[in-house]
Amino acid sequence: MHYVSTRGTAPKLTFEDAILTGLARDGGLYVPAEVPRISHGDIAALAGLSYEETAFRVMRPFIGESFSDEDLAGIIVRAYAGFDHAARAPLVQLQPNHFLMELFHGPTLAFKDVAMQLIGQLFQTVLHRRGERVTITGATSGDTGAAAMEAFRGLDAVDVFILYPHGRVSGVQRRQMTTVSEPNTHALALTGTFDDCQARLKDMFNDFAFRDDVRLAGVNSINWARILAQVVYYFTAAVSLGAPHRAVSFTVPTGNFGDIFAGSIAKRMGLPIEKLVVATNQNDILHRVLSTGDYVTQGVIPSISPSMDIQVSSNFERALFDVYDREGPAVAQLMDALKEGGEVRISQGAHGRLREIFTSGRVSEAETLAMIVRARAEFSEILCPHSAIGVEVAQAHLGTTPMITLATAHPAKFPDAVEAAIGVRPPLPARMANLFQQPERVTRVENDLAALQGIIRGKVSV
Ligand SMILES: *Cc1c(COP(=O)(O)O)cnc(C)c1O
């Protein structure tokens, strides 16, 4: 199994090298050279298996020789041991034919843990085998950073630097990053937006001298292992509702397009998925491009669902690569034009193919709050604002096919928004009840590449 860049000129890599590399050297993202198929019979055989066993069977064909069966099985078991629900990603029913998949049972209460815990174990295993160290860097709108710090804390083969937009993450999100005490973890508060964080991260990866010097590795959703880990729960959910004999649909609260893209991989593997519905907040670039074919960036308007406050979705490039017939140069041209002019038009053919796979909806702030109220009254569920956006968009797509909406975070992670809607502050689970009593450790940094690189060079141990 080999991985190729969406921009067509970076070298082909094995799974192991693709995950250690993160962003390809031509600026693209790694994708599998081909998506393995899983037969009807093999999907049927997943019924009744544990999450871990399903994860092994779904991920195995993507991994090739990079990890032995025994290593992979151990990695998966260690990754999910800290989840507080036996099913890992349980379903609850909201309405007739509408189910919520709870992806927030990991250590930082958001679905990012599902992928990040796996990546931590993958990295540790491969770096020990090679006798190497790396510097993990990530940009976060809140949830990725906490999940990364939690996954890598104390692992001896890595230093972790997480960039987050100063003042633009929730108190719980911030504290989940700044209270991690292990000396290999560093929270960096950047003056700017999440897009600024993401842009500086890309700049660091494109500075090859720096990148090689500190042995930079990325765990943002550009990392293929993130996507792969997320493919798994599309299978567990679909199978528990009757796949492969019955098709299902998914609605996914979307920001960087990683989670929903994982759903499209599951579909291409052969899982019977009827609709993949992209749910956005008021930062609706994905809803606009899927509706019209015009990919037009606008400024980010901070919302009550901050983990979806993005201007450009990195993983959308992976979807574009597929609908542009996997022609790297065409994707490179498109992305360059977007970077320069802030907008591009997707070709009619490519737009048509996108619409065969994805549909979309956009939810305003008022509608988000209203859905939190309704879900409590009618479904007896307290939703985080991101999940509420999913449930709201799903309403327009309910029918005879079971709909599964992804609940991407625990409501206690966004207590202000939930309290504004229903007047109740959802409590943190007992295992993290002392979060607000712990000391914080954070470094402020300007939105400036050189300043950022200086801080990282000063702290790394490679
Ligand atoms: C990251 C995140 C999202 C968006 O997921 P993408 O993979 O970036 O589309 C949605 N909700 C929550 C709570 C998140 O943390």
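The values are calculated or read from the model by the stated rules, or taken from the named source; none is laboratory data. Please read all numbers here as calculations on a predicted model, not as lab measurements. In this analysis, Cβ positions are derived from the backbone assuming ideal geometry, glycine residues included, and neighbour counts consider all displayed protein chains. Only protein heavy atoms, including side chains, enter the accessible area calculation; ligands, DNA and RNA are left aside. Shrake-Rupley method; radii C 1.70, N 1.55, O 1.52, S 1.80 Å.
Assorted remarks:
- P(r) weight above 35 Å for the chain, C-alpha pairs, percent: 23 percent
- Label separation (A87 vs Q298): 3.8 nm, computed from points 7 Å beyond Cα along the C-beta direction.
- Computed label-point distance, nm, for sites A47 and A433 using a 7 Å Cα→Cβ extension: 4.2 nm
- Intensity falloff of segment 96-206 expressed as log10 I(q)/I(0), Debye formula with alpha-carbon point scatterers, at q = 0.11, 0.15 Å⁻¹: -0.37, -0.65
- Mean shadow area of segment 1-45, taken as a quarter of the surface of its Cα convex hull (nm²): 3.6 nm²
- Average accessible surface area per residue within the chain, 1.4 Å rolling probe, Å²: 35 Å²
- With DNA, RNA and ligands ignored, accessible area of T179 (1.4 Å probe; Å², nearest 10): 20 Å²
- Label-reachable residues, segment 243-271, where backbone N falls under 12 Å from a point 7 Å from K12's Cα toward its Cβ: none
- Since only I455, V58, S314 are under comparison, the one whose Cα sits farthest along the positive direction of the charge dipole of the chain, derived from C-beta charges on Lys, Arg, Asp and Glu, is V58.
- Number of Lys-Lys pairs in the chain with C-alpha atoms under 22 Å apart and a separation of 8 or more places or on different chains: 7.
- Diffusion of segment 1-77 by Stokes-Einstein, at 4 °C in a medium of 1.567 mPa s and with Rh set to the Kirkwood radius over alpha-carbon pairs, works out to 94 µm²/s.
- Protein accessible area in the chain, 1.4 Å probe - carbon and sulfur %: 50 percent
- Cα centroid separation, segment 231-277 to segment 129-175 (Å): 28 Å
- Evaluated with a Cβ-only charge set (Lys, Arg +1; Asp, Glu -1), segment 98-203 carries a dipole of roughly 100 debye about its Cα centre, given to the nearest 20.
- Whether segment 350-458 is rounded, prolate or oblate, judged on the alpha carbon gyration tensor where a/c under 1.5 counts as rounded: oblate
- What separates the Cα centres of segment 287-317 and segment 50-116 is a distance of 27 Å.
- Counting only the Cα atoms, segment 121-275 fills a convex hull of 137 Å³ per residue.
- Anisotropy class of segment 30-140 from Cα gyration tensor, a/c 1.5 cut: oblate
- Cα shape, segment 248-401, gyration tensor, a/c 1.5 rule: oblate
- Cα-based convex hull, segment 271-316, per residue volume (Å³, whole number): 99 Å³
- For S303, the accessible area of its heavy atoms, probed at 1.4 Å with every protein chain present, is near 20 square angstrom.
- Normalised by 2.2 N^0.38 Å, where N is the number of residues, the C-alpha radius of gyration of segment 203-331 stands at 1.18.
- Compactness index (Cα Rg / 2.2 N^0.38 Å), segment 162-223: 1.20
- Inter-label distance, nm, simple model (7 Å from Cα along the C-beta direction), H40/A420: 5.0 nm
- Values of log10 I(q)/I(0), in the order q = 0.17, 0.18, 0.28 Å⁻¹, for segment 394-462 under a Debye, Cα-only, solvent-free model: -0.88, -0.90, -1.18
- Solvent-accessible ranking of D71, D143, D213, largest area first, probe 1.4 Å: D213, D71, D143
- Within the chain, helix-based [θ] at 222 nm, where runs of 4 or more DSSP H residues each add -39,500 (n - 2.57), nearest 500: -13500 deg cm²/dmol
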